[in-house]
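The values are calculated or read from the model by the stated rules, or taken from the named source; none is laboratory data. Keep in mind it's a predicted model, so treat the numbers as computed, not measured. FYI the Cβ positions are ideal-geometry reconstructions off the backbone, even for glycines, and counts take in every protein chain you see. Ligands, DNA and RNA are excluded from the accessible area calculation, which covers all protein heavy atoms including side chains. Shrake-Rupley method; radii C 1.70, N 1.55, O 1.52, S 1.80 Å.
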Amino acid sequence: MENYKKLQTHLDKMAALETALTMMNWDVETLAPRGGVERTAKMVGLLSSAYYEELVSPEVKALLNALAQPEEQKKLDDGQRAIVRTMKKDFDRMEKIPPEEYQAYSELTATSGTIWAEAREKKDFALFAPTLKKIVAYQKRFADYTRKQGQSRYDALLDQYEEGITTSQLDPFFAVVREAVVPLLKRIQQAGPVEKPWLGKKYPIETQREICRKLAEHIGFDFHRGVAAESAHPFTTELHKDDVRFTNHYFEQQPESAMFSAIHEGGHGIYEQNIADGLTQTPVGHGTSMGMHESQSRFYENVLGRSEAFWTPLWPMLQQAYPQQLEEVTLSQFIRGINLPEPSLIRTEADELTYPLHIMVRYEIEKMLMEDQITVEQLPQEWNRQYQEYLGLTPPDDGVGVLQDVHWSGGMFGYFPSYALGSAIAAQILAWLKTKVDVDQLLRSGDLAPIREILTEHIYRYGASRNTDQLLRGMTGEGFNAKYFIDYLTEKYEALYLQ
Ligand code: ZN
């Protein structure tokens, strides 16, 4: 236990620094005056370096190597073993990258976001292309340094975000998604227009705030251990399991936007609030992966939150809150309206059905880039070609095309697939959950606690001590399977628009 105790002092310092950084970031995004952001950013930079130094110290490295030995492993509990394994994996990966290259890369990505933002604003890809070329070159080299024998570059990048997920799973996944979604979308579009009779009216922001709070509470977000604020884009963060925070953004004429953000971010929040006491504030004290996290936010937002059963107990509350605006709107009109698929150019505004197509385009392009099948200069052309082919739309400029997402400017290649995986995992979880409880009945009664308890037992409490594959197998008895997603989409959309 001696070695683990020593590691614990480092873990405590890291947790303290991380808490401070999270808090400062939250403040910058929500309340901090714009004029002060630059000075604060310098302090954030110093604290981040302190965190990094604590992590990569030679002492921590020696401790992790010692603790990885079989006789030491026997003395640890499951959570401690997971902490050692996770930290060692990151360490081993970092060690393969020459420090001076990583330093140069960090300097590059410290300013690349600003360059991207300017290029997007000016709708001019050429402004960003030289920077992106450098980032792509670094990412290729890093993947080459870290990939295992026989592993492709892109698989090495994917592994950083979703352990164990490979192109051999994603290729068939996106193929079946494409084969199912593209024709389904066409049939719905041919079936004729669907009204959204609540639009074109004003919904006071103060009322929207109250309703969003009620919705988050309804799904089980605990405001005694959580808080909500406002920011440009909704997000969720946490200091630890007992201080989980999310933000929202309100539009006076689109009340559904904030409502579904509240349910989405509330879903992320519920995950974090239900991590085991013994794991929170450790390197495995958060959701296991971006894919699993998105599976939970989307499970609440789309799978549960856009169903008629979910809204049945809530509809009277909504009509009371907006008596004039919703006077002539029926629940069934509302449900058909909020689910209506409409191909669009912007990923973040996409509906549940077309969303995976946006991800597929990015996935195909990232793979081509990493395997040298396309150059950075060819990106806009390839982007527009795929948008035309799958969504039937061509971006009028690069600002709403290839430049729309921030991810590549931060070197995040291999991250996008997690979003689509999240949607698919949510459908797989629903299929399994239905064998355990009457989901529809629970939603109609407004009692979501049994659902949350089951998800806590099988997913939340483990934090990142188990990966997505282990959680899915432990819960449903099988690994990731795209079939559930296709069945779910087909059944749902046919029932809503084609019957
Ligand atoms: Zn999310």
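Placing a label point 7 Å from the Cα of residue 110 along the Cα-to-Cβ direction, the residues of region 128-153 whose backbone N falls under 17 Å from that point are 135. Taking 0.36 nm per residue of separation and subtracting the current Cα-Cα distance, fully stretching the chain between residue 404 and residue 253 would add 52.0 nm.
Net charge in the neighbourhood of residue 497 (other residues with Cβ under 11 Å of its Cβ; Lys, Arg +1, Asp, Glu -1) is +2. Computed on region 109-237, with alpha-carbon pairs under 8 angstrom and 6+ residues apart, the relative contact order is 8 percent.
FRET efficiency for the residue 478 to residue 76 pair, using the beta carbon distance and R₀ = 25 Å, is estimated at 0.30.
Treating r as the C-beta distance of residue 57 and residue 21 and R0 as 22 Å, the FRET efficiency rounds to 0.75. Projecting the Cα atoms of 8, 180, 233 onto the charge dipole of the chain, computed from C-beta unit charges around the Cα centre, puts 8 farthest toward the positive end. Between residue 324 and residue 233, residue separation times 0.36 nm minus the direct Cα-Cα distance comes to 29.9 nm.
The mean of 1/r over all distinct Cα pairs in the chain, once inverted, gives the Kirkwood hydrodynamic radius of 24.2 Å. Gain on full extension, evaluated as 0.36 nm per residue between residue 9 and residue 491 minus their Cα-Cα distance, stands at 168.3 nm.
Taken as entire DSSP H runs, the helices of the chain that both span 18 Å or more between Cα atoms along their own long axis and average 0.0 or more on the Kyte-Doolittle scale are 37-55, 125-146, 167-190, 355-370, 417-433. Please compute the Cα-Cα pair-distance distribution of region 389-499 with 5 Å bins starting at 0, giving whole percents from short to long. Each 5 Å bin holds this share of Cα pairs: 2, 9, 14, 16, 17, 14, 11, 10, 6, 1. Dividing the summed -39500 (n - 2.57) terms of all DSSP H runs of n ≥ 4 by the residue count of the chain sets its mean residue ellipticity at 222 nm at -19500 deg cm²/dmol. For the chain, DSSP calls about 45 percent of its internal beta bridges antiparallel. Each label point was placed 7 Å from the Cα along the Cα-to-Cβ direction; for residue 97 and residue 49 their separation is 1.8 nm. Averaged per residue, region 77-119 has 55 square angstrom of accessible surface, using a 1.4 angstrom probe with ligands and nucleic acids left out. Of 186/483; 186/367; 148/492, which ones are farther than 29 Å apart at the Cα? From 186/483; 186/367; 148/492, over 29 Å: 148/492.
Taking amide H atoms as placed 1.01 Å from N in the peptide plane, the amide H of residue 230 lies under 5 Å from those of 248, each 5 or more residues away in sequence or on another chain.
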